[in-house]
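Take a look at the structure below.
Bear in mind that the values in this text are calculations on the coordinates, not laboratory data. What you see is a predicted model; the values in this text were computed from it and never measured. Every residue, glycine among them, receives a Cβ derived from its backbone with ideal geometry; neighbour counts consider all protein chains shown.
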Amino acid sequence: MAETRNKLRPAISLDDETFELLMDCVHCGFCLPTCPTFALTGDETDSPRGRLYYMRLLAEGRIDPNESVLTHLDRCLECRACETACPSGVRYGFLSELVRAQLVKQGKGPTRHFKLQEFLIRHILPYPDRLELLFLPLRIAQAFKATELLNNVPVLSRAVNMVPPLPSRRWRKLPQTFTVKNERKMRVGLITGCINSVVLSRTNWAAAEVLAAAGCEVVVPPEQGCCGSVLAHIGYLEDAKKLARQLILTFARYEPLDAIVVTAAGCGSFMKDYGHLFANDPHIADLAEKFAAKVKDFCELLDEIGLPTPLKPLSGRVTYHDPCHLAHGQNIREQPRRLIQQVPGIEFVELPEADWCCGGGGAYSLLQPEMSDAVLDRKMANIKATKANIVVTANIVCMMQLWYGIRRHRLDIKLMHIADFLRAALPE
Ligand code: SF4
Ligand code: SF4
């Protein structure tokens with residue numbers, strides 16, 4: 001393999017094993033129809049095959065990371081739909097994350113033209129107390145129904161449209177333990193998340209209550225922080241690892257735990273990979289491996305242990321949007337559908353292109369707003385076609401993006417995280 005590489009100094013350096021992963025792509029093109037950015041532009045360089053080829057040329061030193069190359073790499077949503085479609089098992093997400101991390105070190109990451117957004121993503125979003133402070137004007141504006149006043153404030157203007165009504169701050173403080181309602185099946189830790197713990201703090205409560213009703217003693221470490229996924233997504237891998245390490249050490253103090261449950265698909269997908277992330281760090285490799293092996297998405301665990309019965313009937317025509325990092329990242333598709341359909345009284349309708357990205361993509365909507373909106377519009381057209389009056393999903397970023405979509409398209413649809421939906425079906 002090594003002799004196939006060019007002798008010029010490459011812009012990115014991949015070890016031989018990783019370079020071989022790039023070579024797994026046989027350019028068949030099966031992934032192209034599943035790629036939301038290729039669907040928008042029709043440009044090969046906005047497709048998985050084109051981006052993988054760019055990565056290879058960069059690694060071989062045959063092209064420079066010039067503005068045109070970077071633009072096409074930046075436009076990737078990291079939705080990983082191409083991985084699901086690929087018959088050769090190309091690990092697109094893994095490769096893209098590695099390449100982005102190297103480009104970031106050279107000042108060529110996706111945030112290079114967006115200094116304010118970079119600050120927000122690196123120094124505000126992963127820290128709930130700072131995020132709470134940033135959202136204070138939004139909280140006040142929401143309380144006085146005057147959010148349009150913030151439409152001209154940089155960054156906040158996007159947040160105004162994307163953040164659903166913020167729950168009262170008292171919901172952020174969860175009890176450290178939720179006791180089991182009936183027969184105790186297991187003891188689990190609950191990840192409350194960073195953005196999740198501010199924007200969807202009530203959802204964290206709902207998740208804990210549903211788990212407790214289903215037989216889990218739920219432990220919520222109060223000192224936990226961000227898992228790092230939002231940073232890793234855009235190439236800040238070292239920053240992400242610092243946060244991941246803290247999270248692993250925090251949860252180690254609450255062992256024994258049978259599972260570590262998360263309600264955000266992007267976080268779950270990243271945390272399941274902690275073993276690999278720290279494989280070369282002897283100080284934490286074992287703990288990281290053990291942590292990763294226990295990570296379960298909320299839907300995944302509930303489907304395994306079973307919902308509490310009986311459930312209260314709800315009403316409505318309900319559809320479900322697959323978060324990319326649940327469907328493509330963790331192959332969790334049937335479980336949420338099975339859970340939703342166990343709630344009596346509702347009519348479930350399948351969403352066309354349910355696992356097509358909504359355009360949220362971690363921090364993508366902040367960095368690529370036009371592309372993000374265009375991907376969202378396709379999703380909203382599909383949602384509209386179902387005539388559903390309730391849309392259920394299972395990820396914080398999808399919740400925010402779909403909330404924005406519902407407002408953008410002026411739809412009369414209720415949006416619910418699956419934990420809130422199932423909580424509503426628990427008998428009082
Ligand atoms: S991750 Fe998504 S946007 Fe990126 S290349 Fe793959 S399918 Fe396209
Ligand atoms: S990534 Fe997979 S599906 Fe896409 S062109 Fe390469 S081998 Fe084919």
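Nearest 10 degrees, 0 to 90: what angle lies between the long axis of helix 237-252 and the longest principal axis of the chain (Cα atoms)?
Here the helix axis deviates by roughly 40 degrees.
At 7 Å along the Cα-to-beta-carbon direction for both residue 280 and residue 389, put a label point, then send me their distance in nm to one decimal.
Calculated label separation equals 5.6 nm.
Pick from 270, 30, 291 the residue whose mean-square fluctuation is largest in a GNM of the chain, springs joining Cα atoms under 10 Å.
Of 270, 30, 291, the Gaussian network model singles out 30 as fluctuating most.
Where does each of 298, 278, 144 land when they are ranked from fewest to most other beta-carbon atoms within 10 angstrom?
Listed from fewest to most nearby Cβ atoms, that is 144, 278, 298.
If you take the beta carbon distance between residue 23 and residue 94 as r and set R0 to 22 Å, what does 1/(1 + (r/R0)^6) give as a FRET efficiency, to the nearest 0.05?
It comes to 0.95.
Under a 5 Å amide H to amide H cut-off, with H placed in plane at 1.01 Å, what residues pair with residue 346 once short-range neighbours are removed?
Long-range HN contacts for residue 346: 314.
May I have the extent of the alpha carbons of the range 115-162 along their three principal axes, as whole Å values ordered from largest to smallest?
29, 21, 13
Per the Kirkwood formula on distinct C-alpha pairs, the Rh of the range 169-303 is how many angstrom?
Every distinct Cα pair counted, the radius reaches 14.8 Å.
Cα axis of helix 201-213 to longest principal axis of the chain: angle in degrees, 0 to 90, nearest 10?
60
State, to one decimal in nm, how far the label point of residue 374 lies from the label point of residue 112, with both points 7 Å from Cα in the Cβ direction.
Label at residue 374, label at residue 112, 2.2 nm between them.
Over 19 Å between Cα atoms: which of 241/272; 145/387; 115/145; 242/272; 108/242; 185/296 fall into that group?
Pairs exceeding 19 Å: 145/387; 115/145; 108/242.
Which distance in nm do the two modelled labels at residue 148 and residue 181 give, with both placed 7 Å along the Cα-to-Cβ direction?
Each label point is offset 7 Å from its Cα along the Cβ direction, giving 4.3 nm.
With θ set to phi - 60° and the Karplus curve 6.51 cos²θ - 1.76 cosθ + 1.60, what are the ³J(HN,Hα) couplings of the range 280-295 in order, to the nearest whole Hz, using x for Gly and Pro?
9, 10, x, 6, 9, 3, 5, 4, 5, 4, 5, 4, 4, 5, 8, 5
What is the Å³ per residue value for the convex hull set by the Cα atoms of the chain?
137
With θ set to phi - 60°, apply the Karplus curve 6.51 cos²θ - 1.76 cosθ + 1.60 along the range 323-334 and write out the HN-Hα couplings as whole Hz, x wherever there is a Gly or Pro.
For the range 323-334, the Karplus-derived couplings read x, 4, 7, 9, 6, 7, x, 10, 6, 9, 10, 6 Hz, x marking Gly and Pro.
Taking neighbour Cβ counts within 10 Å as the exposure measure, how do 54, 364 sort from fewest upward?
54, 364
If you plug each phi of the range 221-228 into the Karplus form 6.51 cos²θ - 1.76 cosθ + 1.60 with θ = phi - 60°, what whole-Hz ³J(HN,Hα) values come out, in order, with x for Gly and Pro?
x, x, 8, 5, x, 6, 7, x
Rank 37, 203, 250 by mean-square fluctuation in a GNM of the chain with C-alpha springs under 10 angstrom and give only the top-ranked residue.
Evaluated over the chain, the most mobile residue of the options is 250.
Going by C-beta contacts inside 10 Å, put 185, 296, 379, 145 in order with the fewest on the left.
Listing 185, 296, 379, 145 from fewest to most nearby Cβ atoms yields 145, 185, 296, 379.
So how tilted is helix 396-408 from the main axis of the chain? Cα-based, degrees 0 to 90, rounded to 10.
80
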